[in-house]
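Only one structure is covered here, and it is reproduced in the block below.
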Amino acid sequence: MNDHGLEMPVFEPGSVWLVGAGPGDPGLLSLYGLHALRHADCIVYDALVDARILGLARAGSRLEFAGKRGGKPSPKQRDISLRLVELARGGKRVLRLKGGDPFVFGRGGEEALTLVRANIPFRIVPGITAGIGGLAYAGIPVTHRDTNHAVTFITGHGVTGDVPDGLDWQALAKGAATLVFYMALKHLERIAGLLVAAGLPGHTPAALVAKASTRDQHVLETTLAEAARDAAQAGLEPPAMFVVGDVVRLRAGLDWLGASQGRILDPDPLAMGAGRAAETA
């Protein structure tokens, strides 16, 4: 039993927990995630894990950075996976801590399969993925019955670092009314161009949410055709989510963080004109 009164699973020596840390705000960490932090012997963490979350780790636990950042020297995925095996075989309670959710563009499946092949026991602890939680912090719901009944999550780059091969851009343009791209900032101009060429109107509302749910969160409301230019002018830096669709218009009424800083919310945001929304931090 823990101080919150819930029965928690035992974090056994020689096992690995793959835990999603959420989009950034430590308050979005799950109770299982906090439990793992308080019991792990070694924490292998990604670049997008907030330092405040690492600060919750048990005193004496070892922190090992295994972050990947585009365009910078990064550990190879195979080496990270094998390191988890090595630590577990050494009798450690190993916490693999990932931003967002391990199974949503987090390569958690690859690491878990490596553990299976090595006969290492493991547990998956889901986290709040940035494509949902990060957009919620921007005041953008991924679904709303007046705009869409489906949402598509897409990675902004593939294994090679380029725009993923094999995507059916016409299907994306004609499919779900809300598109959410992860890690799309580097290829934003090309992604937007492919969607417009596939038939999605350039005036479609869009937004970029950089450093979602952290103290440095920045939200840029724009349109599909102007997104790349506006992002460059604003100096946005990754990590950033890119969302396309009419749900972006709801931010005028649902920007709860902006409201706490004095923004006047629109009670009927979908009734406003089709003009560009202003940039807000």
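The values are calculated or read from the model by the stated rules, or taken from the named source; none is laboratory data. Just so it is clear, the structure is predicted and the values come from calculations on it, not from any experiment. Note that each Cβ is placed from the backbone with ideal geometry, even for glycine, and that neighbours are counted across all protein chains shown.
Of all residues in segment 205-233, how many are under 18 Å from P23 (Cα atoms) and of a type outside the set (G, A, S)?
Residues in segment 205-233 being under 18 Å from P23 (Cα atoms) and of a type outside the set (G, A, S): 10 in total.
Please determine whether any residue of segment 144-167 is under 30 Å from A88 (Cβ atoms) and in contact with a Leu (Cβ under 7 Å, 6 or more places away or on another chain). No.
Looking at segment 142-184 only, could you name the residues that are surrounded by 17 or more Cβ atoms within 10 Å (Cβ to Cβ), in contact (Cβ under 8 Å) with a residue 40 or more places away in the chain and either in contact with a Lys or Arg (Cβ under 9 Å, 6 or more places away or on another chain) or not assigned by TED's automatic domain parsing to the domain that holds A252 (or both)? Answer for segment 142-184, where residues must be surrounded by 17 or more Cβ atoms within 10 Å (Cβ to Cβ), in contact (Cβ under 8 Å) with a residue 40 or more places away in the chain and either in contact with a Lys or Arg (Cβ under 9 Å, 6 or more places away or on another chain) or not assigned by TED's automatic domain parsing to the domain that holds A252 (or both): T147, G156, H157.
With respect to being out of contact with any helix residue (DSSP H, G or I) (no Cβ under 7 Å at 6 or more places or on another chain) and under 21 Å from K76 (Cβ atoms), L135 falls outside the description. Yes or no: A66 over 26 Å from K211 (Cβ atoms) and either among the aliphatic types (A, V, I, L, M) or touching a Gly at 6+ places or on another chain (Cβ under 8 Å) (or both)? Spelling it out, it is not the case that A66 is over 26 Å from K211 (Cβ atoms) and either among the aliphatic types (A, V, I, L, M) or touching a Gly at 6+ places or on another chain (Cβ under 8 Å) (or both). Might you check whether a residue that is assigned to a helix (DSSP H, G or I), closer than 20 Å to L188 by Cα and touching a Ser or Thr at 6+ places or on another chain (Cβ under 9 Å) occurs anywhere in segment 140-154? Within segment 140-154 (the criterion being assigned to a helix (DSSP H, G or I), closer than 20 Å to L188 by Cα and touching a Ser or Thr at 6+ places or on another chain (Cβ under 9 Å)), the answer is no, since none of the residues qualifies.
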